[in-house]
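*Asks:* My questions will all concern the structure given below.
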Amino acid sequence: MAQRIRLAKRVVAESDRLAARLAETFQRAGVFVANLMSSPGSGKTSLLEETARRLAPELRMAVIEGDLATDRDAQRIRKAGIPAYQINTGGGCHLSARQILDALDRFDLAALDVLFIENVGNLICPAEFDLGERRRVVLASTPEGDDKPIKYPVAFNKADCIVLNKIDLLAATNFSRDAFLGFVRGLNPAAPLIELSCRTGEGLDAWLDYVRAERRAAAAGAPRTPK
Amino acid sequence: MHEVALAQAVWRQVGAEMARRPGARLAAIRLVAGRWSGADPESLEFALRLLVNESAWSKVAIHIRPLPLGLTCKTCGHAFEPPETLLACPACGGRDVEVTQGRDLYLESLEIEESDGPTHPPGQTRRCRK
């Protein structure tokens with residue numbers, strides 16, 4: 001006689017448990033942790049390089065890099081002047097809470113103000129996995145096209161901050177800024193949207209102010225508000 | 001492609017449940033995959049089937065029920081299924097909405113059979129030596 005056992009258990013329950021532990025650790029240390037997500041090539045590493053160069057005099061920062069292979073991104077970040085630890089996921093399409101927990105052994109959180117997690121370049125799976133971060137930052141760039149948000153609605157809906165990079169290339173592409181804004185706001189009416197160019201430096205100040213403000217909130221012990 | 005990792009997580013949960021029920025035979029696994037769960041039901045079933053086939057319970061049925069996206073308007077309380085690209089309330093036009101359904105992948109239930117015969121999976125039958 002068949003019997004049905006009702007479970008109603010989230011498949012990623014174990015991952016959620018680890019993420020909650022991470023969030024608690026970050027909050028106790030008063031560190032601002034941002035999880036950066038985008039397609040490959042949107043400029044996550046470039047944004048972190050610029051952030052490192054410009055904020056190093058006032059904030060103590062570090063980066064956890066996630067890539068399938070190579071430590072090229074970590075090398076770039078170190079060259080920009082801040083510590084970086086590279087995780088190679090092999091075939092893995094996203095960073096996991098377990099990998100972040102293990103990577104924390106490499107850092108003295110108490111000696112940090114900001115920890116950036118640069119996720120694997122991919123807008124699908126990273127959106128599903130909480131890493132205990134205070135903020136999820138989603139990047140897009142003009143050459144990718146203005147319809148990225150509606151093609152990857154989950155990532156844009158869950159974003160706490162949206163960065164549009166490579167605005168210096170606007171004239172060279174058929175990217176419509178209005179269309180992009182419309183798509184973003186259809187999915188996420190409230191998240192700050194920062195338009196910038198890592199190459200020219202235009203708009204970077206707004207991003208740096210965002211990091212400063214979030215760092216102050218984290219240092220004051222403000223809890224995160226995951227969506 | 002992370003469906004393999006998800007299938008492994010499902011399989012661990014199934015294993016933990018079955019370990020608490022010695023003597024039971026697993027007949028079916030029922031999952032619910034939300035539209036925004038990031039799991040493709042077909043890939044998930046494929047990955048889970050590979051794990052099931054390697055186990056002692058290879059005849060297990062796998063059912064994955066897709067669940068559409070559901071939103072609730074925080075302004076007027078209206079619940080609705082939106083088009084995927086514009087999350088606005090059709091009743092009041094409000095944009096302050098909450099995703100109330102379709103974000104999760106979860107293990108809904110297991111179907112088991114309490115058999116009167118040998119209780120261990122085939123190949124693992126043991127004899128009492130008392």
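*Asks:* Over all distinct Cα pairs, what is the inverse of the mean 1/r for chain B, reported as the Kirkwood hydrodynamic radius in Å?
*Replies:* Final number for the Kirkwood radius of chain B is 17.1 Å.
*Asks:* If the viscosity is 1.567 mPa s and the temperature 4 °C, what translational diffusion coefficient in µm²/s does Stokes-Einstein give for chain A when Rh comes from Kirkwood over Cα pairs?
*Replies:* After rounding, the answer is 72 µm²/s.
*Asks:* Let me ask something additional. Could you work out the mean count of beta carbons from other protein chains within 10 Å of each residue's beta carbon in B:82-95?
*Replies:* Mean partner-chain Cβ count within 10 Å for B:82-95: 3.
*Asks:* Let me ask you something else. Only bridges whose two residues both fall in the protein assembly as shown count here: according to DSSP, what percent of them are antiparallel, nearest 5?
*Replies:* So the antiparallel bridges in the protein assembly as shown amount to around 40 percent.
*Asks:* Let me ask another. Below 8 Å between Cα atoms, with a sequence gap of 6+, how large is the relative contact order for chain A in percent?
*Replies:* Once normalised by length, the contact order is 25 percent.
*Asks:* Oh, and also: Mind pulling the angle between the C-alpha long axis of helix B:41-53 and the longest principal axis of chain B? Nearest 10 degrees, somewhere in 0 to 90.
*Replies:* Value to nearest ten degrees: 10.
*Asks:* What relative contact order, as a whole-number percentage, does chain B give when Cα pairs under 8 Å and 6 or more residues apart are counted?
*Replies:* Over chain B, the number comes to 33 percent.
*Asks:* Taking the Cα centre of the range A:104-161 as origin and charging only Cβ (+1 Lys, Arg; -1 Asp, Glu), how large is the dipole, in debye to the nearest 20?
*Replies:* Details: 7 positive and 11 negative charges, 30 e Å.
Roughly 140 debye, rounded to the nearest 20.
*Asks:* Still on this model: Sort A:Asp102, A:Asp113, A:Asp178 so the one with the fewest other Cβ atoms within 10 Å of its own Cβ comes first.
*Replies:* A:Asp178, A:Asp102, A:Asp113
*Asks:* Let me ask something else. Against the longest alpha carbon principal axis of chain B, how many degrees, from 0 to 90 and to the nearest 10, is the axis of helix B:3-19 turned?
*Replies:* Helix B:3-19 sits roughly 50 degrees off the main axis of chain B.
*Asks:* What residue among B:Pro41, B:Pro82, B:Pro68 shows peak mean-square fluctuation when chain B is described by a Gaussian network model with Cα springs under 10 Å?
*Replies:* Sorting by GNM fluctuation, first place goes to B:Pro82.
Quick note: the coordinates plus some simple rules give every number you see, no bench work behind them. Keep in mind that what you see is a predicted model, and the values were worked out from it rather than measured. Because the Cβ atoms are built from the backbone with ideal geometry, glycine has one as well, and the counts that use them run over all protein chains shown.
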